[in-house]
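The values are calculated or read from the model by the stated rules, or taken from the named source; none is laboratory data. Note that the structure is predicted; figures quoted are calculated from it, not measured. Backbone-built Cβ (ideal geometry, glycine too); neighbour counts: all protein chains shown. Please note that ligands, DNA and RNA were not included when accessible areas were found on the heavy atoms of the full protein model with its side chains. Shrake-Rupley method; radii C 1.70, N 1.55, O 1.52, S 1.80 Å.
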Amino acid sequence: KAAVRDFKAVPAAERPARVGGVIKAFQAEVDALSRRAAFAEAAFFAIYHALEAAPDPAPPLAAAFDACARLAKVEAETADALAEP
């Protein structure tokens, strides 16, 4: 941003001589963004591949839900049995 600001502050007659600096600043920014994007993509795919190898959690979660429901039913029956005289 400073390079662009400095470039705009230069009189129009001198701008062609200073274009190289602005172009280099833009290229440096593009290079930095490209490195950042490549790093982010690599991190995403590393996590994706790790999760892809993980087993599906749905069956164990369904079994745990069913077990909790049965436990609640047994607890209710036990409470009713203990409450009866």
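Report, to the nearest whole %, how much of the accessible area of the chain belongs to carbon and sulfur atoms, 1.4 Å probe, protein only. About 68 percent, which is the carbon plus sulfur part of the accessible surface.
Checking (i) 3, 11, 9, 8, 7, 6, 6, 6, 6, 5, 5, 5, 5, 4, 4, 3, 3, 2, 1, 1, 0; (ii) 3, 12, 25, 27, 20, 10, 2, 1, 0; (iii) 3, 12, 21, 26, 22, 12, 3, 0 against the coordinates, the calculated P(r) over Cα pairs in 5 Å bins from 0, in percent falls under label (i). Considering only D31, D66, D56, the mean-square fluctuation computed in a Gaussian network model of the chain, springs between alpha carbons under 10 angstrom, is largest for D66. By the combined test of axial Cα extent (at least 27 Å) and Kyte-Doolittle hydropathy (mean at least -0.5), the qualifying DSSP H helices of the chain come to 15-53, 58-83. When only the Cβ of Lys, Arg, Asp and Glu is charged (+1, +1, -1, -1), the dipole of the chain relative to its Cα centre reaches about 1300 debye.
The trypsin sites (Lys or Arg not before Pro) of the chain meeting both criteria, a DSSP state outside H, G, I, E and B (loop) and at most 15 other C-beta atoms within 10 angstrom of the site's C-beta, are K1. Projecting the Cα atoms of P16, P60, A50 onto the dipole axis of the chain, where Lys and Arg carry +1 and Asp and Glu carry -1 at the beta carbon, places P16 farthest toward the positive end.
On the principal axes of its alpha carbon atoms, the range 27-73 extends 68, 19, 7 Å, with the longest extent given first.
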